[in-house]
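The values are calculated or read from the model by the stated rules, or taken from the named source; none is laboratory data. Computed from a predicted structure; not experimentally measured. Quick reminder, even Gly has a Cβ in these numbers, built from the backbone with ideal geometry, and neighbours come from all protein chains shown.
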Amino acid sequence: MARINLEKTITQVEFPPEIWKWIDLVGEMVSITQMEALEQERSFVAVSPFHNLLRWFINRDIGSLNSIYLLLRMELAYQAAAHIRLLCENVITLRYILLDPEERTRAFLDYSAIDAYKIGETYLQWESKTANPEHVKKMKSQQEEFKKRFDKIHDRYTFVTRKKKKTKEFKNWCNLSLKEQADKCGIEMQKLYAIGYRQLSAYVHGSAWALRRQEAYIRKSYDQTVVMIDYANLTRMLLAVWIEWLKIMSQELCWQAIGHAQGIVDRCNELDEATLEVVTKLRKQKREKATKSDVEATDLEPRCILCDGPAGEGSKSFSLSPEAIGYLETEHPDEETKTVLAQNVICAKCQALSQEERQKLAMRALARELKSYSDFFRDQI
């Protein structure tokens, strides 16, 4: 089987200039981070367990930044959102550890023994009956070693409930949710969690809300305005997370890259304004095109305002008093009154109905119109 040609895959994804500007801004964040990391690596010396842990985080987070850029370049926006969310989680975790770096670094690292044992137990539970017996034997032997480490530190990751005085295990290394960790770190991390992590979670989870914009990425129904808004939102969220990440590196390792942040922020604000103008212009063109199509369709075959069927022979248009016509022309100066009235007719079949039946049809017609407006605003959002 031939290997997938990633270069060809990437070149087949074309973007308008407006989206390229957002991608280039992400690329600049990646480049700044990589260059600083390479420069710092030449003289880096871990002076504490936390600094060694920080080194591992840096390596993984630079991988996340590269992944975000590549995924956006291949128009995999929602997959990129998952990596921005991961980067956001790492920033909050690091800030929480920094509140007591010596004790919390040890707690964070030692918890790996809990994870290793539980993962091993899961594999043996579900795979031991079907896996190669020799592999199972080796796994059980390894699990015995994991058990020794697990037993040695297990009590450190338990607590006693207040009411029933029962001993329970921690839910993670610090027994706090990410939101609880953010709350303990102060307003900046609380804001990052609320604006960044929580919103990005909506992109990641398989909910109807998360899938609502997928139609815009399908070739036949591609909507540049939706893609532009997604790329702008993701880049802004990444920028917020990236700046907080750089603050940690500046504080702990004396990184200089934070000095570039304001320039990136200024360019992001400029792109925001430019994107808003383009989106407004494109949506106006789309509405005008839709209106034109509706008018052309109406010119070809008027439809009954009550039953929504073809008007046919014997249809009648509405008559208005001079006062009503004057009001219509005042409220809708861009509309041709005669054209509007010609579009709203009642077919011969509906004319023959009783007043009660026509009222029922009128209520249904109003419901259809309200739904069309609701659908329109939903699409815009």
Q: Tell me, please, whether a residue that is at pLDDT below 90 and not in a helix (DSSP H, G or I) can be found in the range 268-284.
A: no
Q. Going through the range 44-76 one residue at a time, which ones are surrounded by 18 or more Cβ atoms within 10 Å (Cβ to Cβ) and among the aliphatic types (A, V, I, L, M)?
A. Leu53, Leu54, Ile58, Leu65, Ile68, Leu71, Leu72
(Q) Please determine whether any residue of the range 181-192 is closer than 30 Å to Asp155 by Cα and touching an Asp or Glu at 6+ places or on another chain (Cβ under 7 Å). (A) no
Q.
Tell me whether the range 136-153 contains one or more residues that are at pLDDT 95 or above and closer than 24 Å to Cys185 by Cβ.
A. no
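Report, by residue number, each residue of the range 146-172 that is among the hydrophobic types (A, V, I, L, M, F, W, C) and either farther than 15 Å from Phe108 by Cα or not in a helix (DSSP H, G or I) (or both). Write out each step before concluding.
Going through the range 146-172, the residues among the hydrophobic types (A, V, I, L, M, F, W, C) turn out to be 146, 150, 153, 159-160, 170.
If the condition is that a residue be among the hydrophobic types (A, V, I, L, M, F, W, C) and either farther than 15 Å from Phe108 by Cα or not in a helix (DSSP H, G or I) (or both), then Phe146, Phe159, Val160, Phe170 are the ones that fit.
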Q) Any chance the range 173-180 includes a residue that's modelled with pLDDT of 85 or more, buried (at least 16 other Cβ atoms within 10 Å of the Cβ) and not in a helix (DSSP H, G or I)? A) yes
**Q.** Ile187, sole failed condition from (1) at pLDDT 95 or above; (2) surrounded by 10 or more Cβ atoms within 10 Å (Cβ to Cβ)
**A.** (2)
Q. Which of the residues belonging to the range 199-213 are touching a helix residue (DSSP H, G or I) at 6+ places or on another chain (Cβ under 8 Å) and either modelled with pLDDT of 95 or more or not hydrophobic (A, V, I, L, M, F, W, C) (or both)?
A. Gln199, Ser201, Tyr203, Arg213
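Could you check how many residues of the range 28-54 are within 17 Å of Asp110 (Cα to Cα) and of a type outside the set (A, V, I, L, M, F, W, C)? Before you say what the answer is, go through the steps one by one.
We begin by selecting, within the range 28-54, every residue within 17 Å of Asp110 (Cα to Cα); these are 48-54.
In the following step, the residues that additionally are of a type outside the set (A, V, I, L, M, F, W, C) were identified as 48-49, 51-52.
Here the count works out to 4.
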Q | Where a residue in the range 183-207 is among the charged types (D, E, K, R) and its partner, wherever it lies, is assigned to a helix (DSSP H, G or I), with Cβ under 7 Å and at least six apart | A | Asp183/Gln190; Lys184/Tyr96; Glu188/Glu244
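Condition check ((1) in contact (Cβ under 8 Å) with a residue 60 or more places away in the chain; (2) charged (D, E, K, R); (3) within 25 Å of Ser48 (Cα to Cα); (4) surrounded by 17 or more Cβ atoms within 10 Å (Cβ to Cβ)) across all residues:
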residue: Glu215; (1), (2), (3), (4): no, yes, no, no
residue: Ala232; (1), (2), (3), (4): yes, no, no, yes
residue: Arg236; (1), (2), (3), (4): no, yes, no, yes
residue: Gly263; (1), (2), (3), (4): no, no, no, no
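Could you tell me whether Lys247 is farther than 26 Å from Ala274 by Cβ and either surrounded by 13 or more Cβ atoms within 10 Å (Cβ to Cβ) or modelled with pLDDT of 95 or more (or both)? Give the steps one after another, and end with the answer.
Details: farther than 26 Å from Ala274 by Cβ: yes; either surrounded by 13 or more Cβ atoms within 10 Å (Cβ to Cβ) or modelled with pLDDT of 95 or more (or both): yes.
Yes.
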Q. Which fully enclosed helices (runs of 4 or more DSSP H) of the range 35-143 have 3 or more residues being under 30 Å from Asp230 (Cα atoms), in contact (Cβ under 8 Å) with a residue 12 or more places away in the chain and touching a helix residue (DSSP H, G or I) at 6+ places or on another chain (Cβ under 9 Å)?
A. 49-73, 77-98
